[in-house]
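Right, one structure below, let's go through it.
The values are calculated or read from the model by the stated rules, or taken from the named source; none is laboratory data. Quick caveat: nothing in here was measured; it's all calculated off a predicted structure. Cβ sites come from the backbone with ideal geometry, for glycine too, and all protein chains shown count toward neighbours. Accessible surface is based on the protein model in full, side chains and every heavy atom, while ligands, DNA and RNA are left aside. Shrake-Rupley method; radii C 1.70, N 1.55, O 1.52, S 1.80 Å.
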Amino acid sequence: MKSTMKRHHVVAIASSVTLALSLAACGSDTPEKPEGSGTGTGTASGDCAAYESYGDLSGKTVTVYTSIVAPEDQPHIDSYKPFEECTGASIKYEGSKEFETQLQVRLKAGNAPDIAYIPQPGLLKTIVGQFPDSIVEASAGTSANVDKYYAASWKGYGTVDGKFYAAPLGANVKSFVWYSPSMFADNGYEIPKTYDELIALSDKIVADHGAEGIKPWCAGIGSGEATGWPATDWLEDLVLREAGIDVYNKWITNEVKFNDPQIAAALGKVGAILKNDKYVNGGIGDVKSIATTEFQDGGLPILDGNCFMHRQASFYAANWPEGTDVSEEGDVFAFYFPGMTADSRPVLGGGEFVAAFADRPEVAAFQAYLSSPEWANAKAKATPAGGWVSANSGLDPENLVSPIDKLSFSLLSDTSQDFGFDASDLMPGNVGAGSFWTEMTSWIAENKSDTQVLDAIQASWK
């Protein structure tokens with residue numbers, strides 16, 4: 001079903017949503033207290049006061065389509081409960097590993113979801129360009145939330161040609177290396193503070209344990225039709241470190257080409273790890289096994305003592321088996337993926353964005369809810385295992401139970417460091433979620449050369 005970009009009914013709803021946020025800050029004597037509601041900035045002591053202006057939405061259903069699948073989907077579903085209980089609406093969640101492709105198929109067929117979580121701003125631009133009559137501009141209430149609770153750059157990521165479509169949802173830090181604190185302690189290994197120290201540690205592990213078949217690194221880049229994205233994160237982290245933020249930002253817009261010597265140098269450093277048989281793939285197989293290993297399974301050999309390190313984002317915390325102690329003294333934890341010098345600490349990160357494809361009051365209300373502190377705190381409480389954080393300033397860090405989430409939040413809120421938003425997420429969809437993924441997969445699976453890979457990606461840029 002297609003919908004127009006004119007928001008005749010949504011304006012009134014959006015205005016009342018904005019008013020509700022102001023009223024919520026003043027508190028309420030309403031006794032009702034839904035399970036999982038937040039206690040951070042902008043809430044009303046956890047009751048339904050902040051939801052009153054959404055109106056009675058009983059009998060209304062909002063569909064949500066996303067790339068977030070099990071086990072990360074349940075906390076999202078649980079985070080909707082306060083909205084459902086306070087408004088009477090029902091939220092129908094659907095996650096798919098083929099999201100990036102299938103969303104566009106559904107839009108072309110006129111079968112759009114009400115709400116979609118767009119994981120790449122580049123894909124958002126593609127959708128706006130190809131399906132302008134399907135996507136709906138964000139409501140005034142959603143816009144007001146983003147203006148109030150997020151840094152200005154976040155609104156820019158959800159804006160295309162001067163029009164604001166998609167509000168930020170979750171955020172993540174990708175510059176992490178997961179490891180076993182006890183394995184490091186038993187071997188006398190220290191957390192590296194520079195990239196050279198990271199490589200020296202990898203060589204030390206080879207010397208100490210190579211004969212046993214234990215490797216410094218384990219990895220997996222499988223992800224259904226999105227296979228390859230973890231490898232793009234590796235290159236992004238190294239471009240950010242090797243070439244710097246200015247080159248990184250020019251690379252995103254193709255002012256610096258993929259086959260530029262600076263990008264080639266960064267890919268060479270990635271290959272020195274991921275295509276090094278002495279370094280990978282501990283507990284899984286050879287270099288090619290990285291391409292056939294699902295990213296959710298990529299770090300699990302750490303628990304069996306078959307590898308020492310796994311580079312992956314903060315959200316990977318949700319993929320450790322139930323009962324795993326994720327903490328500084330626990331079974332696994334993560335350290336910052338070091339910069340080239342101890343004083344250089346760039347951070348690679350990303351996030352999802354909430355776009356609407358239906359011009360109905362209940363859809364506008366739910367989109368506004370997802371940009372509010374009420375949702376951010378409900379989501380934090382619904383994620384007891386950790387692995388989720390937001391850049392929403394209304395999030396109460398006390399609701400982040402996981403040490404890795406608190407570490408991520410501290411990095412996200414540190415404006416003194418260079419922050420690079422995931423480059424592939426900002427590139428045009430046919431590159432960032434297309435050739436970049438597939439060529440990095442071929443680079444691993446087929447041992448395609450650095451030059452061939454970079455030339456092919458550059459040729460796809462239009």
Note to self: How tilted is helix 10-24 with respect to the longest principal axis of the chain? Cα atoms for both, answer in degrees (0 to 90, nearest 10).
What the structure shows: 80
Checklist line | Alpha-carbon centroid distance for the pair segment 410-461 / segment 116-183, whole angstrom | finding: 18
Checklist line | Near-label residues of segment 44-75 by backbone N, under 16 Å of a point 7 Å along Cα→Cβ of E398 | finding: 44-47
Note to self: Can you tell me the orientation of helix 140-149 relative to the chain, as the angle in degrees between its alpha-carbon axis and the longest Cα principal axis, to the nearest 10?
What the structure shows: 50
Margin query: Using only the alpha-carbon atoms, how far is helix 361-370 inclined from the longest principal axis of the chain? Give it as 0 to 90 degrees, nearest 10.
Written below: 40
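Please state, rounded to one decimal and in Å, the Kirkwood hydrodynamic radius that the chain gives when every pair of distinct Cα atoms enters the mean of 1/r. If you can, show how the numbers build up before the last one.
On the way: mean 1/r = 0.0441 Å⁻¹.
Here the Kirkwood hydrodynamic radius works out to 22.7 Å.
Only helical DSSP H runs with n ≥ 4 go in: add -39500 (n - 2.57) per run for the chain, normalise by residue count and round the 222 nm mean residue ellipticity to 500 deg cm²/dmol.
Values: 19 runs with 180 residues, N = 462.
The helix contribution divided over the chain gives -11000 deg cm²/dmol.
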Notebook entry, point to check: Just the accessible area for R106, please: 1.4 Å probe, Å², rounded to the nearest 10?
Noted result: 50
Note to self: At a 10 angstrom cut-off on C-beta neighbours, averaged per residue, how do the peptides 191-203, 395-407 rank from highest to lowest?
What the structure shows: 395-407, 191-203
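Considering only protein heavy atoms, what per residue accessible area in square angstrom results for the chain with a 1.4 angstrom probe?
Working: 17270 Å² over 462 residues.
Normalised by residue count, the accessible surface of the chain is 37 Å².
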Next item on the list: Just grab the label-to-label distance for T61 and D246, each label 7 Å out from Cα along the Cβ direction, in nm (one decimal).
Entry: 5.5
Next item on the list: Figure the gain on full extension for K81 and I191 (residue separation times 0.36 nm, minus the Cα-Cα span) and round it to one decimal in nm.
Entry: 35.5 nm
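Can you list, largest first and rounded to whole Å, the semi-axes you get for segment 196-310 by taking the square root of 5 times each eigenvalue of its Cα gyration tensor?
Working: eigenvalues 147, 59, 20 Å².
For segment 196-310, the ellipsoid semi-axes come out as 27, 17, 10 Å.
Taking the highest mean first, how do the peptides 63-69, 276-282, 150-156, 94-100 order by number of other beta carbon atoms within 10 angstrom per residue?
Top of the packing list down: 63-69, 276-282, 94-100, 150-156.
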Item checked: Whole-angstrom Cα spans of segment 41-116 along principal axes, big to small -> 41, 27, 21
Check: So for the pair S460, Q262, with labels modelled 7 Å out along Cα→Cβ, what separation do we get in nm?
Finding: 2.3
Note to self: Over segment 370-462, what portion of Cα pair distances is larger than 22 Å, expressed as a whole percent?
What the structure shows: 52
Notebook entry, point to check: Just how much of W461 is accessible, in Å², when a 1.4 Å probe is used and the result is rounded to the nearest 10?
Noted result: 50
Item checked: Range of Cα positions in segment 209-248 per principal axis (Å), largest first -> 43, 28, 6
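Ordered by packing density, taken as the mean number of other Cβ atoms within 10 Å over each peptide's residues, highest first, how do 432-444, 362-374, 238-250 rank?
362-374, 432-444, 238-250
What's the carbon and sulfur percent of the chain's accessible surface, probe 1.4 angstrom, rounded to a whole number?
50
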